Amino acid sequence: MGLKPLTTRQLSKNNLRSNPFRTVCLVMVVSVLSFTMFGGAVLSQSLKNGLDSLKNRLGADLAVVPLEHESQYEGIILSGEPSRFYFDRSMEQQIKEIQGVEEVSPQLYLSTLSAACCSVPVQVIGFDPDSDFVIKPWITKVYGRKLETGQLIAGSDIVINDSKTLKFFNDTYPVAAQLEKTSTGMDYSIYANMDTMRMLLEGAKKTGMNLSVDVYGTDIDHSISTVLVKLKKGYDVDTVTTNIRRQVSGIGIVKSKNVFLSAANQISVLITFVNTIAYALWIIAVFVLAVMFTVIMNGRKKEFALLRSLGAARVKLCKIVLTESLMISILGGVLGAFLASLVVFPFSTYIGESLHLPYLLPDVISSIRLLVGNLVLAIATGPVAAIYSAGKVSRTETCVLIREGE
Amino acid sequence: MAIELKEVTKEYARKNGLFKAVNEVNLSLDKGDFINIIGRSGSGKSTLLNMVAGLLTPTSGVVEIDGSNIFSMKDQEASAFRNSKIGYVPQGSSALSSLNVLDNVRIPFHLWNRGKNSVEPARLRLKQTGISHLSDVYPKHLSGGELKRVAIARALINNPDYLIADEPTGDLDAETTLEIMKLLKEIAENGTGIIMVTHELEVLDFGSRTFLMDKGKLQMYI
């Protein structure tokens, strides 16, 4: 019946409804913009978060590994690819005595199997609680007590059953806690102390699996995979690396800053690309909408002339044009952000894996901030693009509008 | 109280100098008066009408409506003044396609704050113009005569003192023309002053006076 007062908003709404194709086209332009901007913002933020997480979790300045196993070590850190490599434990003591080394801590790596004996094929990282300076701080955050022998700590992406246990080599181990998500390979790893590692090896032997942690013909007590090194204050990474290479042979050295810088460089390129696309699209969207609004307003001269002849002030015409553009922007902005949410949040794991980079979604508050920022920008797009048309329509002499509208 | 035009001139710049579309026109319209203006195309009729309606600023001269010079007012004030004092019936079809008949008639009521109830006055004007049964219909389903009635009902919703009609019977058949002219005469008899521009000599008898516009000059038509 149309009994509502014919306010500016109501007139604008009626106009948009009466031209569904035109309205849908305009809404689509804004929604594509909103989709790209919000999706891009979440992607960029996730990569930044992943990088920060990687930086925090690397912990050690250097990792000493057996010769030619540097890339495998990086694979474990970045993507949790199961891997095994060993050298003699005496290396730990040799490295500790080198000038510039503050602390060392050994780690032992095992890979479980994709077989009936094991819940999941993962990297198991054994650490020495007495010397460790890397893993314990994370564990303390989620499990305030001492990790007992036989207990495991699981990375955030390890699927654990209801009884909070994992089965490896037919033995069941309780999971004391699960770490927070880091977006690195650590999310796909299991952590245990050296005694628990020994239990795992025993289990493997019993089930007939040959894990052979004895490259030097020794047993677990004499084999390690990595020696993590923390430098003394004032010592340079490159100098200490040279010192280690001079005094210890048959080793490879991975500098944490190189792992970080490599990821940081890739992420920086990607973020620059995403941001460039988003800003370029914003400029294009404003331009496209400005052209569309100008064409549309030219086609509506008769309508504006009529309103003016009925007593509408110039500012009223301006308000009608801007209200319509605002409504279009709100619809497009919300639609685009909603569609982007359907992609970036549910498929974050897939996106992270596809990029082969640390990828950590922003928390709820940060996501809401990004959403609000994106909506403000998307919603402003329509009125910004329509300002010229609105001004032109309201400035034109009414009799010219009448003449041109006929 | 009336519309008074004193020495009103409108000039346009052309290649070969200034062109006077309206040249020193004097005219007075009282409430209840019904004036016809005839003339050839391009004689300045519509320009004059637009100045009377406050839509076009004269180059010189004064247009006073009930003692107020609309062109000395700011746009907001002038628009509100026009909205309350003048009903305007444009040439041709002038309904907004996005609104039904009732809402088209209600528009002038809501352009300025007059409270919320525009439905009753709109229905009254629809009844007066004989199109009550069309209130929910959209313009694309109306005939030319019906559209003209919608324009007249819309022009009357704010109870204006003056009605300005630009060829209200143009492109209508004889029967519909007669009905529209009877309606306009009735409106004038109820106290609304009307200025109507027309090309049709057969409708002149409905007005009280007729003027001829020729090359921008207005003169009485005998």
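Screening region B:134-222 for strands (runs of 3 or more DSSP E) wholly inside it with 3 or more residues that are open to solvent by less than 80 Å² (accessible area, probe 1.4 Å) and under 30 Å from residue B:113 (Cβ atoms) returns the ranges B:162-166, B:193-197.
Condition test on residue A:400, is it at pLDDT 90 or above and β-branched (Val, Ile, Thr)? The answer is no for residue A:400.
Condition check ((1) at pLDDT 90 or above; (2) within 24 Å of residue B:5 (Cβ to Cβ)) across all residues:
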| residue | (1), (2) |
| --- | --- |
| B:138 | yes, no |
| B:170 | no, yes |
| B:174 | no, no |
| B:212 | yes, yes |
| B:221 | no, yes |
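Among residues of region A:70-87 that are under 13 Å from residue A:260 (Cα atoms), those with a Cβ under 6 angstrom from a residue that is assigned to a helix (DSSP H, G or I), sequence gap 6+ or separate chain, pair up as A:74/A:259; A:77/A:185; A:78/A:185. Of the residues making up region B:91-116, those that are more than 7 Å from chain A (Cβ to nearest Cβ), in a helix (DSSP H, G or I) and closer than 15 Å to residue B:149 by Cα are B:101, B:104, B:105. Screening region B:100-136 for residues that are free of Cβ contacts under 8 Å to residues at least 40 places away in the same chain and among the aliphatic types (A, V, I, L, M) and picking the one that is nearest to residue A:17 (Cα to Cα) gives B:102.
If we keep just the residues of region A:62-88 that are aliphatic (A, V, I, L, M) and under 23 Å from the mean Cα position of the chain (by Cα), which is nearest to residue A:236 (Cα to Cα)?
Restricting attention to region A:62-88, the residues satisfying the condition of being aliphatic (A, V, I, L, M) are A:62-65, A:67, A:76-78.
Then drop every residue that is not under 23 Å from the mean Cα position of the chain (by Cα), which leaves A:76-78.
Working: A:76: 25, A:77: 23, A:78: 24 Å.
Looking at residues that are aliphatic (A, V, I, L, M) and under 23 Å from the mean Cα position of the chain (by Cα), I get A:77.
Restricting attention to region A:290-317 and to residues that are more than 11 Å from chain B (Cβ to nearest Cβ) and not aliphatic (A, V, I, L, M), the residue that is surrounded by the most Cβ atoms within 10 Å (Cβ to Cβ) turns out to be A:293.
Could you tell me whether any residue of region A:4-13 is within 14 Å of chain B (Cβ to nearest Cβ) and at pLDDT below 85? Show your work before the answer.
Here is the first cut: in region A:4-13, the residues within 14 Å of chain B (Cβ to nearest Cβ) are A:4-13.
Subsequent filtering for residues that are at pLDDT below 85 retains A:4-5.
Checked region A:4-13: at least one residue is within 14 Å of chain B (Cβ to nearest Cβ) and at pLDDT below 85.
Restricting region A:342-393 to residues that are under 30 Å from residue A:260 (Cβ atoms), at pLDDT 90 or above and among the polar types (S, T, N, Q), the residue that is most open to solvent (accessible area, probe 1.4 Å) is A:366. Residues in region B:9-29 that are open to solvent by less than 80 Å² (accessible area, probe 1.4 Å) and acidic (Asp, Glu): B:11 only.
The values are calculated or read from the model by the stated rules, or taken from the named source; none is laboratory data. If you're wondering where the values come from, they're calculated on a predicted model, not measured in any experiment. All Cβ positions, even for glycine, are placed from backbone atoms using ideal geometry, and neighbour counts span all protein chains on display. SASA here: full protein model, heavy atoms, side chains in, ligands and nucleic acids out. Shrake-Rupley method; radii C 1.70, N 1.55, O 1.52, S 1.80 Å.
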